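These notes concern the structure reproduced below.
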Amino acid sequence: MSEINPYAPPLADTQPQVYAAKLSVPNGMWANGSTLVMRRDAQFLNRCVKSNEPAVDRLKRNLSWHHPAIAVAILAGLLIYVLLALILTKRATIHVPLSEQWFRRRRNAITIGWGVALLGLGMFFGAFFLPREMSSSIPMLILGGIVVAIGGWAYGGLMSRIVWPSKIDDQFIHLRGVNKEILAALPAWNGQ
């Protein structure tokens, strides 16, 4: 029978190492190629999903997705497509951690997008105030304004996008746009 010595130094404890390893991989998340698959209730670690640097804050994203095959309903009419999309769309809300650099990049993209779009709107409405001598330029200015405005909104929308769903179902959210290092640290998705 061994006696316990209360004055002996503590034995090496491997439990903190196991705990630290668990902290680096969140529960309920997997990698499926370049897609992150997460349970609806899973929480991201405090790492930027774009750079894998420490996150300074989280960005709330309301995601929506419907199966691409629903787009075939446009052939039957736009109203039918819109109704099907509204009924069959799956929605989810996530809080995406971002670094200061990615918050700044997103803010800059939104600012540039809106600036270009407002320039396009200015061109469009400015065409109606041109003097009669320049009336031949009015159609080009109107068309150019429309193209510039749509281009600005498209640029702002695409460049400020952080992550986007490739699929949402009742249990899982499949996200694209996540950093490769984060995906490499996750276990492989087995199609649960």
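Of all residues in the range 49-68, those satisfying the criterion of being part of a loop (DSSP other than H, G, I, E, B) and touching a residue at least 24 places away in the same chain (Cβ under 8 Å) are 49, 50, 51, 52, 53, 55, 56, 66.
Say whether the condition of being within 16 Å of the chain's Cα centre (by Cα) and at pLDDT 95 or above is met by at least one residue in the range 130-148. No, that holds for no residue. Where residues in the range 81-102 are over 22 Å from residue 170 (Cα atoms), open to solvent by less than 80 Å² (accessible area, probe 1.4 Å) and not aromatic (Phe, Trp, Tyr), which of them is farthest from the chain's Cα centre (by Cα)? Per the criteria, the residue is 101. Any residue in the range 158-166 that is within 17 Å of the chain's Cα centre (by Cα), in a helix (DSSP H, G or I) and on the phi < 0 side of the Ramachandran plot? Yes; the residues of the range 158-166 include at least one that is within 17 Å of the chain's Cα centre (by Cα), in a helix (DSSP H, G or I) and on the phi < 0 side of the Ramachandran plot.
Can you spot a residue in the range 109-125 that is in contact with a Ser or Thr (Cβ under 8 Å, 6 or more places away or on another chain), surrounded by fewer than 13 Cβ atoms within 10 Å (Cβ to Cβ) and not acidic (Asp, Glu)? Looking through the range 109-125, none of the residues is in contact with a Ser or Thr (Cβ under 8 Å, 6 or more places away or on another chain), surrounded by fewer than 13 Cβ atoms within 10 Å (Cβ to Cβ) and not acidic (Asp, Glu). When residue 180 is tested against (1) in contact with a Ser or Thr (Cβ under 8 Å, 6 or more places away or on another chain); (2) open to solvent by less than 100 Å² (accessible area, probe 1.4 Å); (3) closer than 25 Å to residue 97 by Cα, only condition (2) is not met. Each residue in the range 39-56 was checked for being open to solvent by 60 Å² or more (accessible area, probe 1.4 Å) and either closer than 22 Å to residue 176 by Cβ or touching a Gly at 6+ places or on another chain (Cβ under 9 Å) (or both), and 7 of them qualify.
Number of residues in the range 126-160 that are surrounded by 12 or more Cβ atoms within 10 Å (Cβ to Cβ) and in contact with a Gly (Cβ under 9 Å, 6 or more places away or on another chain): the value is 19. For the range 161-176, the tally of residues that are open to solvent by less than 20 Å² (accessible area, probe 1.4 Å) and touching a Phe, Trp or Tyr at 6+ places or on another chain (Cβ under 6 Å) stands at 1.
Restricting attention to the range 93-131, the residues that are assigned to a helix (DSSP H, G or I) and touching a residue at least 60 places away in the same chain (Cβ under 8 Å) total 1. Against the list (1) in contact with a Pro (Cβ under 9 Å, 6 or more places away or on another chain); (2) closer than 20 Å to residue 157 by Cα; (3) modelled with pLDDT under 90, the condition residue 64 fails is (3).
The values are calculated or read from the model by the stated rules, or taken from the named source; none is laboratory data. None of these values were measured; they are calculated from a predicted model. Neighbour counts run over all protein chains shown; Cβ positions are idealised from the backbone, glycine included. Please note that ligands, DNA and RNA were not included when accessible areas were found on the heavy atoms of the full protein model with its side chains. Shrake-Rupley method; radii C 1.70, N 1.55, O 1.52, S 1.80 Å.
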